[in-house]
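What follows is one structure encoded as structure tokens, with my remarks underneath.
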Amino acid sequence: MRYGSPSGEAVGYAGRRVAIVGGANSAGQAALHLAAHAAEVTVLVRGDSMDRAMSRYLVDRIEQHDRITVRTRTAVVGGGGRDRLESVAIGGPDGEETLTIDDLFVLIGAAPLTAGVEGWLRCDDRGYFVTGPDLVTGSDRSWWPLERDPLFLESSQPGVFVAGDVRHGSIKRVASAVGEGAMAASLIHSYLALDGDSRPA
Ligand SMILES: Cc1cc2nc3c(=O)[nH]c(=O)nc-3n(C[C@H](O)[C@H](O)[C@H](O)COP(=O)(O)OP(=O)(O)OC[C@H]3O[C@@H](n4cnc5c(N)ncnc54)[C@H](O)[C@@H]3O)c2cc1C
């Protein structure tokens, strides 16, 4: 069983049967990469369609692919095998059944590891850090202690900057995370150049 699906690994699944759990873009991309080599790819989607979370171009390509089967309203409820995973039990609208597979890929998204800072750094309702202009939208400045506005990427603690996936509103791509990291370094220089009132000790 694997979390994620590097496209370079797909060639290793030539002629094999794989299942993918997930109904969003990562699952769709993995299905297409794997189906280029695998004999059978089964996509297990908990919702009633892929349309809610997957881009249309991926849905279209998956629906047209003769080695990809999509099972909606279906969840993995068990697994079996000796030295490795050899089958999964799936539960769907027609009850439970066993699917024989060579591997299972899990692509069900992520949750931020931000527990423990509530009350200090402002998080949104899903736990992502709120930064910059998002901290002072409208007239509510209750999470921002200074007269100046927060710098872009600055958290509710002046001088603490956030970059990458863990930031509310970030793009969730490698290039964006790296770019935000470089921006954060530049913003720290801007912060250090501020006068004392705008930069509490
Ligand atoms: C399955 C999957 C497929 C993806 N495919 C693509 C793709 O094809 N193209 C693309 O551009 N992006 C893709 N992404 C998104 C991409 O991986 C992320 O956008 C990128 O890795 C974000 O970088 P980051 O540095 O913000 O976070 P991460 O890469 O998650 O790094 C955060 C790091 O912080 C560490 N950490 C967490 N908590 C603490 C703590 N308390 N103390 C110290 N360290 C801590 C973690 O261990 C981790 O090493 C994919 C993501 C997933 C999950």
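We did not get these values from a lab; they are worked out from the coordinates using the rules stated. Everything numeric here is computed off the predicted structure, so don't read it as measured data. Backbone-built Cβ (ideal geometry, glycine too); neighbour counts: all protein chains shown.
Taking amide H positions as placed in the peptide plane 1.01 Å from N, state which residues far from residue 2 in sequence (5 or more) or on other chains have amide H under 5 Å from it.
Under 5 Å from the amide H of residue 2: 104, 105, 106.
Given H placed on each backbone N at 1.01 Å, which residues far from residue 161 in sequence or on other chains put an amide H within less than 5 Å of it?
155
Considering only DSSP states other than H, G, I, E and B, which GluC sites (Glu not before Pro) in segment 106-179 qualify as loop sites with at most 11 other Cβ atoms within 10 Å? Don't jump to the answer; show the numbers that get you there.
On the way: sites: 118, 147, 154; in loops: 118, 147.
Loop-located and lightly packed - 118, 147.
Residue-wise, which Karplus ³J(HN,Hα) couplings in Hz belong to segment 152-169, taking 6.51 cos²θ - 1.76 cosθ + 1.60, θ = phi - 60°, and x for glycine or proline?
Result, rounded to whole Hz: 4, 6, 7, 7, 5, 9, x, x, 9, 10, 10, 9, x, 3, 6, 8, 4, x.
Using the Karplus equation 6.51 cos²θ - 1.76 cosθ + 1.60 (θ = phi - 60°), what ³J(HN,Hα) coupling, rounded to whole Hz, does each residue of segment 30-35 give in order, writing x for Gly and Pro?
4, 4, 5, 4, 5, 5
Return the long-range amide H neighbours of residue 79 (sequence gap of 5 or more, or a different chain), with a cut-off of under 5 Å between placed amide H atoms.
89
If you bin every alpha carbon distance in segment 1-109 into 5 Å steps from zero, what whole percent lands in each bin?
So the P(r) values, bin by bin, are 2, 14, 25, 27, 21, 9, 2, 0.
Could you work out how far the C-alpha centroid of segment 110-169 sits from that of segment 172-196, in angstrom?
One Cα centre to the other: 14 Å.
Taking a ≥ b ≥ c as the square roots of the Cα gyration tensor eigenvalues, with a/c under 1.5 meaning rounded and otherwise prolate when a/b beats b/c, else oblate, which class fits the chain?
Details: a/c = 2.94, a/b = 2.56, b/c = 1.15.
Prolate shape, in that a/c is at least 1.5 and a/b is the bigger ratio.
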